[in-house]
Structure formats: C-alpha cells, structure tokens
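First the structure, in the form of structure tokens, and then the observations on it.
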Amino acid sequence: MPISSMTLRRLWDAAADLALGSSCPGCHACGWGLCDTCREQLPAAPHSVVRPDWPPGPQVVAGGWYREPLSSMVIAHKDDGAWQLAGVLGGLLAGAIDAIERDSNSKAVLVPVPSDRAAVRRRGYDHSRALANAAGRRLGIGVVPLLKRARAADDQVGRGRDDRLGSQCDTMVALGASSVPLIVTDDVVTTGATMVEAVRALRAAGCFVQGAAVICDTPRYATAGLGATDQSDE
C-alpha cells in the first residue's frame, strides 16, 4: 500500500526531531523547517505603519504584525541561526517594498539598516543585509549598503519612545549620495527610532528616501493606518 505524502512528511519530521532535535522556527513543533500550519498563518497583505508624533518622513509599510508565528520566525532568523528563513521573510519584505513602489514611476534601490557590528560578529551573519538581498532578488531591485554605524546604540529593550530616539541619535552616517530614490529596509519597527535615524542620515547626505519597508510592525505601538484592526489579540 503506497504511503501518502502527508505520512512521509510526518515520518521525516519525527526523524528530524529524534536525530537532530529539529523544530519549526514558528511554533516549535517537531519537524524540519517551517511547518505547513505556520506557512498558512503568514500575512496575506502589507499595511501602512503609523506612529504618534513621528517627524515628517516617507511612507513606511510592513509585511505583517509582530506576533506568533512571525515574531518567532524573525527571532529565529536573527539570533538562532535559522538563516534558511531569509527567503520566506524576504518575501514578506518584498511585499511591503512593492506596495511603496506601486505608485512610483522610478525604480528605487534598497538600503538595509546597518546591523550592529558586534552583533554581526557574534551571529556570524548580517541578517538585515540578507533580508534586503532576498527581497531585492524577488523584485529585481538593487541593494546598496549605503548606511553604516557611526557608533553603537544603547540597548533598546525596555526603553520608551523618547529614550529610544535619543539612543539612536547620530548613530548612523551615509557613505555617499545616491542619484536614485531609496527605500530603507529593516526587520521590525517598534517606536520607529531606528528608522527615523536611518532616514535622517540619508537625507543629510542629500539622498531622496522614497519610503521604508519592514517585515513586522509592532501592534502595541500602532495607533492607526491600514490593517490597524488586525491588532485585537495583542
């Protein structure tokens, strides 16, 4: 009697869990890679990001909300070595970028928010650039690492909006100007302090920032905008 593909998948997942302790990076169920249930829960459409009292700036669009299973996937990719998730997460980032590009007649270039150098050394991987590269490949858009860290920002965990803005102030510089529009990319937007600093640095170099795109928007900081009704369980 032939074995169904579903049965084979379950046997493979069980073997992976037994031999390697492998689990889904979204829900942590035993298995090899992202499970079908978590894939089905990925966001279907991007939404506009809105924060209270943001300085005037470009449009910011997110691929989805920072909650399970997407939040676990972002953490796994960045901190737990699940580098294979760059393709899936880059696809969500590409959706946010495409929403910005739709109303433009000119092709933009992607500029990833620079990762902290100490974090890159610790992880052995620049997650921000990898995600921008994955999104750029999907859309046929170039990626230019035009920003660098002038100094490390203080730890942002547990800080309020004003403290985060102050901590990020003057932490980035642009390595040059650009003759084409730019879209800044990052994984998660919380208060928006990092994105505000990235845009400031690029504008100071004379660049035109068309927009900013992220994978996840943090519901606790969102107040309005497209998709804001999708916050009910946070």
Inset, instruction - Would you mind calculating the gained length between HIS28 and ARG123 on full extension (0.36 nm times residue separation, minus the Cα-Cα distance), in nm to one decimal? - result: 32.1 nm
Inset, instruction - Using a 1.4 angstrom probe on the protein heavy atoms only, line up HIS28, HIS127 by accessible area, largest first. - result: HIS28, HIS127
Legend entry - Whole-Hz ³J(HN,Hα) from phi, Karplus 6.51 cos²θ - 1.76 cosθ + 1.60, for the stretch 199-207, glycine and proline x: 5, 4, 5, 5, 5, 4, 8, x, 8
Inset, instruction - Please list the non-local residues whose amide H lies under 5 Å from the amide H of VAL188, H modeled 1.01 Å from N, same-chain partners needing a gap of 5 or more. - result: ILE215, CYS216
Legend entry - Solvent-free Debye scattering, log10 I(q)/I(0), computed from the Cα coordinates of the stretch 19-108 at q = 0.23 Å⁻¹: -1.14
Legend entry - Distant-in-sequence amide H partners of VAL61 (H built 1.01 Å from N, under 5 Å): VAL49, ALA212, ALA213, VAL214
Inset, instruction - May I ask you to evaluate 6.51 cos²θ - 1.76 cosθ + 1.60, the Karplus curve with θ = phi - 60°, for each residue of the stretch 31-43 and list the ³J(HN,Hα) values in order in whole Hz, giving x for glycine and proline? - result: x, 10, x, 5, 6, 5, 4, 5, 4, 5, 8, 5, x
Legend entry - Accessible area (Å², 1.4 Å probe, nearest 10) - CYS27: 60
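Which FRET efficiency value, to the nearest 0.05, is calculated for ILE75 and LEU175 with the Förster distance at 30 angstrom and r the Cβ-Cβ distance? Working shown, then result.
Values: r = 29 Å, r/R0 = 0.97.
Approximately 0.55, to the nearest 0.05.
Could you give the semi-axes, largest first, of the ellipsoid that matches the stretch 166-219, computed as the square roots of 5 times the alpha carbon gyration tensor eigenvalues and rounded to whole Å? Walk me through the intermediate numbers first.
Working: eigenvalues 79, 40, 10 Å².
Taking √(5λ) for each eigenvalue gives 20, 14, 7 Å, largest first.
What number comes out for the charge environment of VAL61, summing +1 per Lys or Arg and -1 per Asp or Glu over other residues with Cβ under 12 Å away?
Values: positive: ARG102; negative: ASP98, GLU101, ASP103, ASP186, ASP217.
Charge balance near VAL61 sits at -4.
The values are calculated or read from the model by the stated rules, or taken from the named source; none is laboratory data. Being a predicted model, the structure only gives us computed values, none of them experimental. Quick reminder, even Gly has a Cβ in these numbers, built from the backbone with ideal geometry, and neighbours come from all protein chains shown. Surface accessibility is based on the protein's heavy atoms, side chains included, excluding ligands, DNA and RNA. Shrake-Rupley method; radii C 1.70, N 1.55, O 1.52, S 1.80 Å.
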